[in-house]
Amino acid sequence: MPSLIEDYALVGDGHTAALIARNGSVDWLCWPRFDSGACFAALLGTEDNGRWLIAPVVEEGAPAPVTSRRYRGETLVLETDFETAEGAVTVIDFMPPGNGTSELVRIVVGKRGTVRMQMELVLRFDYGYSVPWVSRLARDSGIKAIVGPDTVVLRTPVDVHGENLRTVAEFTVAAGERVPFTLTYTASHLRTPPARDPHTALARTENHWLEWSARGTVTGRWAEPIRRSLITLKALAYEPTGGIVAAPTTSLPEQLGGTRNWDYRYCWLRDATITLLAMMRGGYYDEARLWRQWLGRVMAGSPQQLQIMYGIGGERRLPEFELDWLPGYQGAKPVRVGNNAVDQLQLDVYGEVMNALHLARVGGLQADETAWNIQCAMLEHLENIWSQPDEGIWETRGGRQHFTFSKVMAWVAFDRAIKSAESFGLPAPLDHWHAVRAQIHADVCEKGFDASLNAFTQVYGGDELDASVLLLPLLGFLPPSDPRIAGTVAGVEKFLLHDGFVMRYRTTGFDDGLPPGEGTFLACSFWLVDNLALQGRVKEATAMYERLLSLANDVGLLSEEYDPAAKRLVGNFPQGFSHVALVHTGLNLMKHEQEMAKATGQPEQDGAAPGGPADTAQAALQEVLPGASPSP
């Protein structure tokens, strides 16, 4: 059985990522890309579906090793300590970036005494389905496993042998000894990659991440979790294209044992604005530029064919199917690959794209004339469809409705286009866009607000709330001091809070034909924190933010949702949406504190430190962040 979701840590190389459990088992790795078939799929099944274990031998009746782990500084190099009665070892796990080939390296370091260790490699390609043919390497110590298009090579000085379709070994590690294992992927029609020194690779990988982290500009009270979240977002970026996956996993359930299991190894346009802005606010303009370039490529084409998500290379076809040979995470079926939501109409993506491109211009990221021409064509199309029902931000599968948030984001699309045209002198039918923007705003205020609830509702004419409406003041649709916003925040607190955390909406089964139930949604909980701060409830906001931070696992990672009853992280992991929200809310709160300190004449706490050439862009960005200043 796989470990708890919160017991996993992440390592990656800019092409793919591996999830490693606290017990030393690599239970998930897709090669060669994030969206490729997994060669270790025990996360969604059993050991027989593929894993790579390196851990102390535990005799029957003996206590399990005491484990602890951490990332080595601000890097993606993972260190796991195992303490036994006989001694102690540390297993160092990492994936060297920029290698030309993708590798997972594991080095066992003796710390104290002498520890008996075991290694078990179970390679099962195509999501735990295909058993490879394994042979010994002709010139090196190790093995080569091949099936169809895939080859994996294991190199190690340890003597390994086959046993029940697994590659296994036992070895001892004494204090001061270092025993390396290197697993390398290549396409089966290519030559076997040459051996590389694992210790040199470790030094190079550590330096790579330390140099990257040093470019960051975040300091202050919550700098550590914010910077770890930015490292995590960097790890979710596909280096060749700049696309950022929502998560490196598929089908981790939103409810334990449930069926709300989706493939998140793709790039959602709605993530565009917040991810781009998070990178810029953190000082990482190169990554923001690559993400904006990816966005520019995928949005090119007919505005009528704009999709809500794309593959990491910009692929448009992401057909969904089920893997019936996998039992699912702790029995949560089905296991899905692909995502049929790709074909949905979600009006909010038009607003997300326009907002992202406006913020990119404000932040100093260059956009060419073609991008503006495409934006104008998108607005022309949006004007014809914004009044239609859609599937909404949460991708419900029960039919289209007039979702309030979708209409708000149509307003955002015109609003940000107007601001771009006015700020940067771009050609535009401004009078017409002003009229459309006003029309949409009036429509939302008339049909999306329920006077009896004193709140904006999930759909026009409905009586259910939706956490997405918490974004209205953050997007500048209405000021946080507006009584309708105050009523909406109060409504969310009354109807959508579960143990102090926010549900997206009340799952009653009407939305997608699936059984009701899911965890509280972490990004929505961070949005409530922002709203509390904007209303001047900064102490409450701070307490809730710190409680949210406490949900992260021991290495600072968050999933999509949290189950308050089971006290478990649920949903795909680690989830970019959660980490982006953590970054923005933390930066906003630190800015609130600075402004309050300035108003009362107290010494200011550090927030975002100067970023050299990016100073001007950072200052400009602060001027266009509706959620960055508390209500007067």
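The values are calculated or read from the model by the stated rules, or taken from the named source; none is laboratory data. This structure is a prediction, so every number in the text was calculated from the model and none was measured. Here Cβ is always computed from backbone atoms with ideal geometry, including for glycine, and neighbour counts include all displayed protein chains. Just so you know, the surface numbers come from the protein's heavy atoms only, side chains and all, with ligands and any DNA or RNA stripped out. Shrake-Rupley method; radii C 1.70, N 1.55, O 1.52, S 1.80 Å.
Summary table below
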item: The range 275-296 residues that are of a type in the set (Gly, Ala, Ser) and part of a helix (DSSP H, G or I), paired with ones that are buried (at least 24 other Cβ atoms within 10 Å of the Cβ) and at pLDDT below 95 (beta carbon under 7 Å, 6 or more apart); result: Ala288/Leu276; Ala288/Met279; Ala288/Met280
item: Filtered residues of the range 302-326 (kept if under 20 Å from His381 (Cβ atoms), open to solvent by 30 Å² or more (accessible area, probe 1.4 Å) and touching a residue at least 24 places away in the same chain (Cβ under 8 Å)); result: Gln304, Arg316
item: Lone qualifier among Gln344, Gln375 - being buried (at least 22 other Cβ atoms within 10 Å of the Cβ), under 27 Å from the mean Cα position of the chain (by Cα) and without any contact (Cβ under 8 Å) to a residue 60 or more places away in the chain; result: Gln375
item: Spans of helices (runs of 4 or more DSSP H) in the range 419-504 with at least 3 residues under 30 Å from the mean Cα position of the chain (by Cα); result: 471-474, 483-495
item: Residues being open to solvent by less than 60 Å² (accessible area, probe 1.4 Å), part of a loop (DSSP other than H, G, I, E, B) and modelled with pLDDT of 95 or more - total across the range 91-147; result: 7
item: Which listed residue, of Glu60, Glu47, is at pLDDT below 95 and either out of contact with any helix residue (DSSP H, G or I) (no Cβ under 7 Å at 6 or more places or on another chain) or within 17 Å of Glu239 (Cα to Cα) (or both); result: Glu60
item: Any hit, the range 180-203, residues being of a type in the set (A, V, I, L, M, F, W, C), part of a loop (DSSP other than H, G, I, E, B) and open to solvent by 10 Å² or more (accessible area, probe 1.4 Å); result: yes
item: Some residue of the range 237-245 being aromatic (Phe, Trp, Tyr), in contact with a helix residue (DSSP H, G or I) (Cβ under 8 Å, 6 or more places away or on another chain) and touching a residue at least 24 places away in the same chain (Cβ under 8 Å); result: no
item: Enumeration of residues in the range 195-230 that are out of contact with any helix residue (DSSP H, G or I) (no Cβ under 8 Å at 6 or more places or on another chain), of a type in the set (S, T, N, Q) and more than 27 Å from Gly100 (Cβ to Cβ); result: Thr219
item: Test: residue in the range 238-254 that is more than 25 Å from Ile385 (Cβ to Cβ) and open to solvent by 40 Å² or more (accessible area, probe 1.4 Å); result: yes
item: Set Leu19, Leu29, Leu4, Leu44: member being under 14 Å from the mean Cα position of the chain (by Cα) and either surrounded by 24 or more Cβ atoms within 10 Å (Cβ to Cβ) or in contact (Cβ under 8 Å) with a residue 60 or more places away in the chain (or both); result: Leu19
item: Per-region count, the range 378-425, residues buried (at least 19 other Cβ atoms within 10 Å of the Cβ), over 18 Å from Ser468 (Cβ atoms) and among the aliphatic types (A, V, I, L, M); result: 6
item: Given (1) open to solvent by less than 20 Å² (accessible area, probe 1.4 Å); (2) hydroxyl-bearing (Ser, Thr, Tyr); (3) assigned to a loop (DSSP other than H, G, I, E, B), index of the condition Thr259 fails; result: (1)
item: Test: residue in the range 215-229 that is hydroxyl-bearing (Ser, Thr, Tyr) and touching a Phe, Trp or Tyr at 6+ places or on another chain (Cβ under 7 Å); result: no
